[in-house]
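J.: Sharing a structure below in C-alpha cells format, with a few things to ask.
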Amino acid sequence: MNITETVLVINSGSSSLKYQLVDPNADGSVASGLVERIGEPISHITHTSGDQVVDEEKPVADHSDALREVLRLFDEVGPKLSEANIVAVGHRVVQGGRHFDSAKIVTDRIRDLIAELSPLAPLHNPPNLKGIDVARELLPDVPHVVVFDTAFFQSLPEEAATYALDKDVAEKYSIRRYGAHGTSHQFVSDRVAEIVGTKDICQIVLHLGNGASASAVKCGKAVDTTMGLTPLEGLVMGTRTGDIDPAAVFHLQRVAGMSVDEVDTLFNKQSGLKGLTGDNDMRAVRSRADSDDPDARLAIDVLLHRLVKYVGAYAAQMGALDVLTFTAGIGENDMMLRKELCERLSLFGVELDEAANAIRSKEPRTISTPNSKVQVLVVPTNEELAIAQQALALIK
C-alpha cells in the first residue's frame, strides 16, 4: 500500500460513530466504517477496506468501546494504522457559533468552547464532543482537528445573518443565522469554481439530502444560506418542516397542549416529507408519486415550491446567477427532481440537457445545454475528504 499521508476522519453521533481513513492528496478513501446503535443490547459494526467488508453485531457500550472496536478492525482487517502514516484526526462539529471561521487544532480551550456552544446544537455538539474526547484519549500522538459546519457561513453579511429580534435578547442568547452543511457547501462551491475556471461567479449550491440546505456564494464567499440558528429553517427536508410560521409553536402549545419538547420533536423528526407522506426517503416518495399518489405528489411540489422561492431570492440578492449546482443524496441521484426544478426556473434562461441529466455518475458533470444562460451542474459532495484536506492544510 503506497500511502504518503492519511487523515482519520470521525463523525460522532448520539448513538453512532462514522469514520473514514482518507488520503487527502489522492482524493480517496482508504477505508471506512460505521458503528451504530451504540449503547443498545446489540450494536452493528461495518468496516470496509479495499475488497474486504466486515459486518458484525455485538454489544458496544459507549463511544469509547466503539472507537476501540474501530482500532481493532484496522489492526485485524487493515490497513494497520501504525503503517498508514496518520498525520491528523479530523472531527466534524456542527456548531462553531461566532468563535470559529475555520478549522482548529483541538486544545483544552477549543474543547471547552465547543461544549459552551452545545445549547445552540443540543442534538449534535455533545455527541461530536464525545467523539473528540474519546479519540484524543485513544489516539494521543497525533493532532486532532475540528472542522465546523458553520465556519463557511461566518462570511455572511450582517443583513443576512441578523434576525429582526430584540437586539439585546439576540445578543444575550446568541440568536442569529449560523447555517449548517457549510463543509459541503464550501467543498462543492470550490469544485464549481475549479470546473468553470474562476471564483468570480454568482452560484447557488443545493445540498439536497434527508437534511437539505441552499447557499448563495458570490466570488467564493457565502452571502446567504437557508439554515439558520439551527438546521430546522429553510428547505423542506426528510423529517424537518423547514420554514414555518413561528406562531405555529404558540398555537400548538395553546390549542393542542403540546410541550416545547413535543413541538421540537414534531418539527424536527415527524414533519417534512415524512409528515406529508409517512415516508422520509425521497426514493419512496418519488415511487409513490409516479403511481399517482396525491400525498406524494403534493410533497414533491411543496419541496419544489420552496426551492424555486430560494433560488429566485438568492439570484436577486447576488444580482446574477451563473451556476446552479445539485449535490448530496437527492441532488446527485434524483434526475426527475432536477428536471422539474429546472423547468420551473426557465424564467432565468435555464435549459436542461435531458440526456446529460439522465446519466448516473460519481463524477462532476454539466447537465445544462450550451445555450443555457445558467450553467447547471451535478457535483458530488465529499465532506470526509473536505475535513481531511482542511486538517492536513492546518497542520502543515
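The values are calculated or read from the model by the stated rules, or taken from the named source; none is laboratory data. Source: prediction; values computed, not measured. Cβ: placed from backbone, ideal geometry, glycine included. Neighbour counts: every protein chain shown. Surface accessibility is based on the protein's heavy atoms, side chains included, excluding ligands, DNA and RNA. Shrake-Rupley method; radii C 1.70, N 1.55, O 1.52, S 1.80 Å.
J.: Exactly one of these conditions fails for residue 361: (1) surrounded by 13 or more Cβ atoms within 10 Å (Cβ to Cβ); (2) closer than 20 Å to residue 192 by Cα. Give me its number.
T.: (1)
J.: Let me ask something else. Among (1) open to solvent by 20 Å² or more (accessible area, probe 1.4 Å); (2) among the charged types (D, E, K, R); (3) closer than 27 Å to residue 366 by Cα; (4) not in a helix (DSSP H, G or I), there is one condition residue 245 misses while meeting the rest; what is its number?
T.: For residue 245, the exception is condition (3).
J.: Being within 17 Å of residue 321 (Cα to Cα) and open to solvent by 20 Å² or more (accessible area, probe 1.4 Å) is the filter here, so list the residues in segment 221-233 that pass it.
T.: 221, 223
J.: Among the residues of segment 39-46, is any under 30 Å from residue 231 (Cβ atoms) and crowded, with 18+ Cβ neighbours inside 10 Å?
T.: yes
J.: Here's a follow-up. Please specify each residue of segment 14-67 satisfying the condition of being of a type in the set (Ser, Thr, Tyr), over 22 Å from the mean Cα position of the chain (by Cα) and under 22 Å from residue 124 (Cβ atoms).
T.: 43, 64 - these are the residues of segment 14-67 that are of a type in the set (Ser, Thr, Tyr), over 22 Å from the mean Cα position of the chain (by Cα) and under 22 Å from residue 124 (Cβ atoms).
J.: Can you tell me which of (1) farther than 27 Å from residue 173 by Cα; (2) of a type in the set (A, V, I, L, M, F, W, C); (3) touching a strand residue (DSSP E or B) at 6+ places or on another chain (Cβ under 9 Å) is the one residue 71 doesn't meet?
T.: It is condition (3) that residue 71 fails.
J.: If you check 91, 47, which single one turns out to be in contact with a helix residue (DSSP H, G or I) (Cβ under 6 Å, 6 or more places away or on another chain), in contact (Cβ under 8 Å) with a residue 60 or more places away in the chain and outside any loop (DSSP other than H, G, I, E, B)?
T.: 91
J.: Name the strands (runs of 3 or more DSSP E) wholly inside segment 130-233 in which the number of residues that are closer than 23 Å to residue 308 by Cβ is 3 or more.
T.: In segment 130-233, 202-208, 212-218, 221-225 are the strands (runs of 3 or more DSSP E) which contain 3 or more residues that are closer than 23 Å to residue 308 by Cβ.
J.: Which ones in segment 169-220 are open to solvent by 30 Å² or more (accessible area, probe 1.4 Å) and among the aliphatic types (A, V, I, L, M)?
T.: Within segment 169-220, 169, 175, 195, 196 qualify.
Residues are listed down the side, and each one gets a yes or a no for (1) loosely packed, with under 15 Cβ neighbours inside 10 Å; (2) within 26 Å of residue 267 (Cβ to Cβ):
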residue	(1), (2)
282	no, yes
285	no, yes
289	no, yes
297	no, yes
300	no, yes
305	yes, yes
312	no, yes
316	yes, no
322	no, no
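J.: Hey, another quick one. Condition check: out of contact with any Asp or Glu (no Cβ under 6 Å at 6 or more places or on another chain), without any contact (Cβ under 8 Å) to a residue 24 or more places away in the chain and crowded, with 17+ Cβ neighbours inside 10 Å. Does residue 236 satisfy that?
T.: So residue 236 does not fit the description; no.
J.: Which residues, taken from segment 96-118, are in contact with a strand residue (DSSP E or B) (Cβ under 7 Å, 6 or more places away or on another chain), more than 17 Å from residue 180 (Cα to Cα) and assigned to a helix (DSSP H, G or I)?
T.: Of everything in segment 96-118, just one residue is in contact with a strand residue (DSSP E or B) (Cβ under 7 Å, 6 or more places away or on another chain), more than 17 Å from residue 180 (Cα to Cα) and assigned to a helix (DSSP H, G or I), namely 110.
J.: For residue 352, all conditions in the list (1) surrounded by fewer than 16 Cβ atoms within 10 Å (Cβ to Cβ); (2) of a type in the set (A, V, I, L, M, F, W, C); (3) touching a Lys or Arg at 6+ places or on another chain (Cβ under 7 Å) hold save one; what is the number of the exception?
T.: Of everything listed in (1) surrounded by fewer than 16 Cβ atoms within 10 Å (Cβ to Cβ); (2) of a type in the set (A, V, I, L, M, F, W, C); (3) touching a Lys or Arg at 6+ places or on another chain (Cβ under 7 Å), residue 352 misses just condition (1).
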